[in-house]
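Here is the structure we will look at.
The values are calculated or read from the model by the stated rules, or taken from the named source; none is laboratory data. What you are looking at is a predicted structure, and each value in this text was computed from that prediction instead of being measured. Cβ atoms come from the backbone with ideal geometry, glycine included; neighbour counts cover every protein chain shown.
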Amino acid sequence: MKIIADENMPYVQQLFGDLGTIETVNGRELTAEQVSSADVLLVRSVTQVNQSLLQGNNQLKFVGSATIGTDHIDLDYLASRNIPFSNAPGCNATAVGEFAFIAMLELAQRFKSPLKGKVVGIVGAGNTGTAVAKCLAAYGIEVLLCDPVLEAKGDPRHFVSLDTLIDKCDVISLHVPITKTGQHKTWYLFDESRLNSLRENTWLLNCCRGEVIDNRALIKFKLQREDVKVVLDVWEGEPNPMAELVPFIEFCTPHIAGYSLEGKARGTYMLYQQLANVLNIKAENSMESLLPALWSEQVSVNEMVNERALIQLARFVYDLRDDDELFRKNFLNNQGFDHMRKNHKHRREFSALKVGNIGQTNVNWLSKLGFSGIEL
């Protein structure tokens, strides 16, 4: 069995190696000729899987995408050919949730404006938005949710309109899929008009898709509104961000909010499980065996006395400032954006760190944040 896999998808050899011959490819440049003899195709969001890519292949048994979204997949075409497909919903939700939470803490430190006491609005309450809300709730932050699609489907959580969220929130974090049509389209959801409606000193974070914010309008807006602080992990026109936008952004990263080792392993492992189901074989490998130990597995904290102590603990696992500095140095280089994504292998989740010797008052919420091994 021949398996074609994106070269940036981790742990493919460890999980799929016993099932066939693996050929790794550049997912952004994948051609129909490369795919023509594949039995299994494993991709990420940079690959458009459609009739044009697959029309020369008559033997494909499975397509898997290690992503939450499916906007890069022609699901109708796969269904018309009875090709099984699976994505990995929720695989990187924890990573994105922790990334957004850490970004908010970093903004709080940079501008000496504590996150504690702010109201945070989350636009898009699916897997990643829910993960952000979980972190914020653990820290005692008031959260407002906006998701008209889930609300219409009967989701029991309390939702507010986008206008209400903008009016009431100090921080807005975006976690929607990209949709170009319909009543609730998200393409340029934050256009010039909506950007101009932001409250003074709002923090705006985008960790979903670049085109949810009109980047040209954002440049124009920031020229007039220095008070609004912006964090962008995703960019219109990836992998070529608008160079003139970067200086206006507080923290810049190359679409890696979900790129924790745990999230990557989870995504690949979910596809491994689904392929095993399609082939009617037992999934012998375990996800836990894939992950290396954190460089320091345990840290003792006497007391979590303030927000500065919390951000120092978070930086022990992941320091956002490093990726921001790397982005500014390299994003204009030839294939710099994709190179940074490909080589982003250091990020871990809170669960990788055991925290010991803390006071009773901090045990519950640090545990709910995801830190493991909480001890008294």
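Computed quantities for the displayed model
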item: Which listed residue, of THR47, THR94, is surrounded by 16 or more Cβ atoms within 10 Å (Cβ to Cβ), more than 30 Å from LYS368 (Cβ to Cβ) and in contact with an Asp or Glu (Cβ under 9 Å, 6 or more places away or on another chain); result: THR47
item: Number of the exception - ASN82 against (1) at positive phi; (2) under 21 Å from the mean Cα position of the chain (by Cα); (3) surrounded by fewer than 24 Cβ atoms within 10 Å (Cβ to Cβ); result: (2)
item: LYS329 touching a residue at least 40 places away in the same chain (Cβ under 8 Å), surrounded by fewer than 18 Cβ atoms within 10 Å (Cβ to Cβ) and out of contact with any Lys or Arg (no Cβ under 8 Å at 6 or more places or on another chain); result: no
item: Where PRO114 falls short, out of the listed (1) under 26 Å from LEU15 (Cα atoms); (2) out of contact with any His (no Cβ under 9 Å at 6 or more places or on another chain); result: (1)
item: Test: residue in the stretch 136-144 that is over 22 Å from LEU366 (Cβ atoms) and surrounded by 14 or more Cβ atoms within 10 Å (Cβ to Cβ); result: yes
item: Filter result (part of a loop (DSSP other than H, G, I, E, B) and touching a residue at least 60 places away in the same chain (Cβ under 8 Å)) within the stretch 49-68; result: LYS61, ALA66, THR67, ILE68
item: Residue within the stretch 258-277 that is hydrophobic (A, V, I, L, M, F, W, C) and under 16 Å from the mean Cα position of the chain (by Cα) present; result: yes
item: Residues of the stretch 242-254 satisfying the condition of being part of a loop (DSSP other than H, G, I, E, B), in contact (Cβ under 8 Å) with a residue 60 or more places away in the chain, surrounded by fewer than 24 Cβ atoms within 10 Å (Cβ to Cβ) and touching a helix residue (DSSP H, G or I) at 6+ places or on another chain (Cβ under 8 Å); result: GLU250
item: Only listed residue being assigned to a helix (DSSP H, G or I), modelled with pLDDT of 95 or more and either more than 22 Å from ALA108 (Cβ to Cβ) or basic (Lys, Arg) (or both), chosen from ARG199, ARG216; result: ARG216
item: Residue list for the stretch 89-134, filter: of a type in the set (Phe, Trp, Tyr) and under 15 Å from ILE172 (Cα atoms); result: PHE99, PHE101
item: Pairs with Cβ under 8 Å, 6+ apart, first in the stretch 138-158 and within 29 Å of PHE371 (Cβ to Cβ), second charged (D, E, K, R) and at pLDDT below 95; result: ALA138/LYS368
item: Candidate set from the stretch 69-116 (those that are part of a helix (DSSP H, G or I) and charged (D, E, K, R)); member that is nearest to ASP324 (Cα to Cα); result: GLU106
item: Answer residue from the stretch 50-79, given it is of a type in the set (A, V, I, L, M, F, W, C) and surrounded by fewer than 16 Cβ atoms within 10 Å (Cβ to Cβ) and is nearest to LEU279 (Cα to Cα) among those; result: ALA79
item: Breaking point among (1) assigned to a helix (DSSP H, G or I); (2) closer than 24 Å to GLY263 by Cα, for VAL46; result: (1)
item: The stretch 184-216, residues that are more than 22 Å from ILE68 (Cα to Cα), surrounded by fewer than 18 Cβ atoms within 10 Å (Cβ to Cβ) and not charged (D, E, K, R); result: SER193, ASN196, SER197, ASN201
